[in-house]
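Bear in mind these aren't lab numbers, they're just calculated from the coordinates by the rules spelled out. Since the structure is predicted, the reported quantities are computational estimates derived from the model, not experimental observations. Cβ placement follows ideal geometry from the backbone for every residue including glycine, while neighbour counts extend to all protein chains displayed.
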Ligand SMILES: Nc1ncnc2c1ncn2[C@@H]1O[C@H](COP(=O)(O)OP(=O)(O)O)[C@@H](O)[C@H]1O
Ligand SMILES: [Mg+2]
């Protein structure tokens with residue numbers, strides 16, 4: 001039996017149609033993601049996104065930095081089509097997603113892999129079955145032998161042993177190993193875009209470095225476009241091509257590590273101050 005939480009997760013694992021990902025609507029434009037002036041308010045609450053715009057190039061790793069409760073996850077949920085903005089436009093691979101219905105969204109969502117905070121694996125399944133899960137669900141064209149080959153190559157890619165770690169359950173792995181299983185599952189369907197929501201939160205510095213390395217390796221091996229939400233400055237500097245800094249629903253700084261460090265916005269300076277002091 002799956003728990004409610006597992007069912008929720010299940011529905012968020014990229015959904016793929018029987019035919020596999022569609023090429024229709026794919027664009028030759030340089031941007032994989034184009035977010036233009038999106039605004040979002042929930043009910044009678046405050047405005048959470050106050051007009052955010054950001055473009056992500058194909059193959060780029062964008063890091064979204066900022067404190068807690070600033071709107072980073074809400075931005076991410078808009079990009080994957082789980083939330084609709086009150087205003088503004090979001091294009092994924094050249095297609096406007098804000099006006100799409102559930103069937104079309106499902107097709108676009110197949111382009112994404114998601115890595116959640118705490119890895120969020122199915123605790124009742126072996127690690128092998130966790131990684132095989134999206135393939136068994138969405139690749140009815142693949143035989144168990146094909147799936148086994150793919151699962152083993154994913155375990156290899158993330159330096160895990162399919163016969164040892166695969167037989168174990170998520171609770172038997174270290175934090176870093178669980179992250180690697182989570183990433184293997186997220187990329188099992190060969191997504192074009194991988195979204196990471198705070199992949200290193202709660203990890204010790206060594207495991208954080210390992211997860212960073214894994215993100216960089218996945219980037220190189222799969223040539224995916226990545227968006228990584230983080231509040232770890234060292235980790236952001238390690239993996240980012242570009243960074244945006246989110247403060248109460250607005251992007252108040254953007255650019256490279258160097259651009260961040262010379263940004264004169266007082267909140268941005270304050271945020272990077274401890275890192276600068278430590279790395280003097
Ligand atoms: N579904 C929702 N309904 C109402 N408020 C929400 C919802 N999702 C997020 N929020 C609020 O939006 C703000 C930003 O949240 P979030 O994007 O999760 O922050 P973070 O930057 O830590 O990821 C928070 O104040 C949060 O309470
Ligand atoms: Mg968040």
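Largest mean-square fluctuation among 94, 182, 43, in a Gaussian network model of the chain whose springs join Cα atoms under 10 Å apart, belongs to 43.
Among 207, 61, 225, which one shows the biggest mean-square fluctuation in a GNM of the chain, springs joining Cα atoms closer than 10 Å? Result: 207 has the largest fluctuation of those listed.
Can you compute the helix-only [θ] at 222 nm over the chain? Use -39500 (n - 2.57) per DSSP H run of at least 4 residues, normalise by all residues, nearest 500 deg cm²/dmol.
Numbers: 10 runs with 106 residues, N = 280.
It lands at -11500 deg cm²/dmol.
How much of the calculated P(r) for the stretch 133-238 lies past 22 Å, in percent of all Cα pairs?
Numbers: 1793 of 5565 pairs.
Everything past 22 Å amounts to 32 percent.
Normalising by the residue count of the stretch 186-280, find the relative contact order in percent from Cα pairs under 8 Å and 6+ residues apart.
Working: 93 pairs, mean separation 20.8, N = 95.
Relative contact order for the stretch 186-280 comes out at 22 percent.
Under the shape rule built on the C-alpha gyration tensor, where the axes satisfy a ≥ b ≥ c, the chain is oblate, since a/c reaches at least 1.5 while a/b does not exceed b/c. Compared with the dominant principal axis of the Cα atoms in the chain, helix 127-138 is inclined by about 90°. Taking label positions 7 Å along the Cα-Cβ direction at both residue 68 and residue 144, the computed distance is 4.5 nm, reported to one decimal. For the residues 53, 89, 143, a GNM of the chain with alpha-carbon springs under 10 Å puts the largest fluctuation on 143. Working from label points 7 Å from Cα in the Cα-to-Cβ sense, the residue 163 to residue 117 distance is 3.9 nm.
Compared with the dominant Cα axis of the chain, that is its longest principal axis, helix 205-222 is turned about 70°.
If contacts are Cα pairs under 8 angstrom and at least 6 residues apart, what is the relative contact order of the stretch 118-259 in percent? If you can, show how the numbers build up before the last one.
Working: 170 pairs, mean separation 30.5, N = 142.
Reported as a whole number, the value is 21 percent.
Each Cα pair under 8 Å and six or more residues apart adds its sequence gap; the mean of these over the residue count of the chain is a relative contact order of 24 percent.
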